[in-house]
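Taking it in order: structure first as structure tokens, then the write-up.
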Amino acid sequence: MHLPRRFDDALMHPPEAGGAGDASLLASLRTWCEGGASSVPAEPLRIASMAPHAGLDAAACVLDGSDELARLGRWRGLLWRLQILWREQGAGPGAHPGDPWDCGWWRQGPLGPAAAFRPRRPTLLMLREPEPGAAAALMDTLRASSAAYARPLRVLVVSAAPWAGMERL
């Protein structure tokens, strides 16, 4: 088993732990993320928008496994992580329902990290009220690289106003 790449903190920062969970938000987020993300990603890149929601960080912490790691404790958490790594090594390129995703908020800035980005595991990249020009440039950069993604990437634009031509969750 080769050592896995680390969370891409040049492109994103992790969601904030804590906060109240919202089961319906988590269910709809998981359904949208996992759609088209099977063992052979039918959709390597999917983009949608949604209104700001106080429980979004908490839902992302469930989706990325942070809550489960905290619940399990040090040694059981390590075993759980090793099992996931083992499964990822032999499971093929897609996502399996219930497996952890990388989740994070976009670090707005130069597009170099986005151009170099290759998901190490299924990934949810969230953009918080982005400036439209910067967000469009980011999405163009990600689209240009998406054919090379071995793991699915989901981009969620969190904005009070819907974005034209973009699915709204």
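Is there a residue being assigned to a loop (DSSP other than H, G, I, E, B), over 23 Å from residue 169 (Cα atoms), at pLDDT 65 or above and touching a strand residue (DSSP E or B) at 6+ places or on another chain (Cβ under 9 Å) anywhere in segment 52-65? Talk me through it step by step, then tell me what you get.
At the first step, the residues of segment 52-65 found to be assigned to a loop (DSSP other than H, G, I, E, B) are 52-55, 64-65.
Filter again for over 23 Å from residue 169 (Cα atoms), leaving none.
No, there is no match, as no residue in segment 52-65 is assigned to a loop (DSSP other than H, G, I, E, B), over 23 Å from residue 169 (Cα atoms), at pLDDT 65 or above and touching a strand residue (DSSP E or B) at 6+ places or on another chain (Cβ under 9 Å).
Does residue 76 satisfy the condition of being at pLDDT below 95, in a helix (DSSP H, G or I) and basic (Lys, Arg)?
Against the criterion (at pLDDT below 95, in a helix (DSSP H, G or I) and basic (Lys, Arg)), residue 76 qualifies.
Every residue in segment 120-151 that is under 12 Å from the mean Cα position of the chain (by Cα) and either part of a helix (DSSP H, G or I) or at pLDDT below 90 (or both), please.
120, 121, 122, 151, listed by residue number.
Which pairs have Cβ atoms under 7 Å, sit 6 or more apart or on different chains, and link a residue in segment 1-29 that is within 12 Å of residue 103 (Cβ to Cβ) and in a loop (DSSP other than H, G, I, E, B) to one that is of a type in the set (S, T, N, Q) and modelled with pLDDT under 90?
17/66
The values are calculated or read from the model by the stated rules, or taken from the named source; none is laboratory data. Values in this document were obtained by computation on a predicted structure and should not be read as measured data. In this analysis, Cβ positions are derived from the backbone assuming ideal geometry, glycine residues included, and neighbour counts consider all displayed protein chains.
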